[in-house]
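Beneath this line is the structure, given in structure tokens, with notes to follow.
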Amino acid sequence: MRLTTLRKMMAMGCRDECLNYLRRIKEVFTALVGKDSLGRIDIATVKALEGRAPGASTKDLGELRGGLIFSAFSDRERDMIWERLKKIDGLMPSLFTFFLGISNI
């Protein structure tokens with residue numbers, strides 16, 4: 001994140017919209033792994049999910065399935081996460097997509 005992006009975000013005066021998007025990020029990841037397991041999500045997993053639409057794109061879902069994401073979870077837990085990933089409507093929200101959206105405004 002660049003400082004100019006932060007200034008732009010503050011100047012836009014859309015605090016509620018920004019907070020809603022940030023809450024959405026937390027909601028989606030919590031729905032995937034549960035509140036108590038959020039800390040087990042690693043950077044590689046977040047980066048692999050960014051910009052993907054696993055619920056709408058079988059290609060995205062297949063590429064994610066073939067990767068080594070959610071590595072801190074057991075095989076059984078990952079199987080449950082995959083089922084939840086299929087239900088995600090639209091792009092996976094992330095801080096990357098949040099700041100990308102702001103910089104494009």
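The values are calculated or read from the model by the stated rules, or taken from the named source; none is laboratory data. Values in this document were obtained by computation on a predicted structure and should not be read as measured data. Positions of Cβ are backbone-derived with ideal geometry, glycine not excepted, and every protein chain shown enters the neighbour counts. Ligands, DNA and RNA are stripped out before the accessible areas are found, and what is left, the full protein with its side chains, is counted by its heavy atoms. Shrake-Rupley method; radii C 1.70, N 1.55, O 1.52, S 1.80 Å.
General remarks:
- The residue list G39, L49, L19 was ranked by how far each Cα lies along the charge dipole of the chain toward its positive end, using unit charges on Cβ atoms, and L19 comes out on top.
- Ranking M10, L61, F29 by Cα position along the charge dipole of the chain, where only Lys, Arg, Asp and Glu carry charges on their C-beta atoms, puts M10 farthest toward the positive end.
- A convex hull fitted around the alpha carbon atoms of the chain yields 106 Å³ per residue.
- Span per principal axis, largest first, for the Cα atoms of region 36-98 (Å): 25, 23, 19
- Annotation: per residue accessible area for region 29-105 equals 59 Å², rounded to a whole number [probe 1.4 Å, protein chains only].
- Percent accessible area from carbon and sulfur atoms, the chain, protein chains only, probe 1.4 Å: 56 percent
- Using a simple spin-label model with pseudo-atoms 7 Å out from Cα toward Cβ, D75 and R24 lie 3.6 nm apart.
- Estimated purely from DSSP H runs of n ≥ 4, each contributing -39500 (n - 2.57), the mean residue ellipticity at 222 nm for the chain is -18500 deg cm²/dmol once divided by its residues.
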